[in-house]
1. Hey, can you tell me all the residues within the range 74-92 that are acidic (Asp, Glu) and surrounded by 11 or more Cβ atoms within 10 Å (Cβ to Cβ)?
2. State the number of residues belonging to the range 121-131 that are part of a loop (DSSP other than H, G, I, E, B) and either loosely packed, with under 15 Cβ neighbours inside 10 Å or basic (Lys, Arg) (or both).
3. Tell me the residue from 112, 59 that is more than 17 Å from residue 37 (Cα to Cα) and surrounded by 19 or more Cβ atoms within 10 Å (Cβ to Cβ), please.
4. Got a sec? Which of 118, 145 is in a strand (DSSP E or B), aliphatic (A, V, I, L, M) and under 25 Å from residue 44 (Cβ atoms)?
5. Residues in the range 93-109: is at least one within 21 Å of residue 68 (Cβ to Cβ), among the hydroxyl-bearing types (Ser, Thr, Tyr) and either touching a Cys at 6+ places or on another chain (Cβ under 6 Å) or surrounded by 13 or more Cβ atoms within 10 Å (Cβ to Cβ) (or both)?
6. Give me the helices (runs of 4 or more DSSP H) completely within the range 32-90, filtered to those with at least 3 residues that are out of contact with any helix residue (DSSP H, G or I) (no Cβ under 9 Å at 6 or more places or on another chain), of a type outside the set (Lys, Arg) and in contact (Cβ under 8 Å) with a residue 24 or more places away in the chain, ordered by residue number.
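Read-outs throughout are calculated quantities, based only on the coordinates presented, and are distinct from any laboratory measurement. This structure is a prediction, so every number in the text was calculated from the model and none was measured. Backbone-built Cβ (ideal geometry, glycine too); neighbour counts: all protein chains shown.
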Amino acid sequence: MKQISALFVLFIFLFTSCNNGQSTSDALNWENNLDQAIQQAKKENKAVLVNFTGSDWCIWCKRLSSEVFQQKEFKNYADENLVLVMLDFPKDKPQSAETQSYNQNLAQKYGIQGFPTILIFNSEGKLAGQTGYLPGGPQKYIENIKSYL
């Protein structure tokens, strides 16, 4: 009986750890091509936020998504000030070989070593800063982005 109870507790722990009750969906308009996003940002006088993520497995990526990217306050800021790019490195979501290669080449170019890594480019298309997950919600994250611009 103790073994069954222990297995049940382990199962519940693993299930909640993997899912963590968080969705990676948000209402943001994520692009998947950095060069095109930089051109758009120059035309619109916006900055570019590039999200290197492991959307279906990285716990810190999921937290950043739920605590910041899924919040209305961030969406409002992004709509006015940012062109967003998501470069995903999923484990279970299908991706074309072309997308995998493109994302990997950019990760190598910018020395990405962990997830999430967020790159901020100014409206001129120059790399202005690098950050990652920060606790504190959308307002703190927005202030962090502004500090690079």
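1. 79, 88
2. Of the residues in that region, 2 qualify.
3. 112
4. Details: 145 fails: in a strand (DSSP E or B).
After ruling out the rest, the residue left standing is 118.
5. No, the range 93-109 contains no residue that is within 21 Å of residue 68 (Cβ to Cβ), among the hydroxyl-bearing types (Ser, Thr, Tyr) and either touching a Cys at 6+ places or on another chain (Cβ under 6 Å) or surrounded by 13 or more Cβ atoms within 10 Å (Cβ to Cβ) (or both).
6. Hits in the range 32-90: 34-44.
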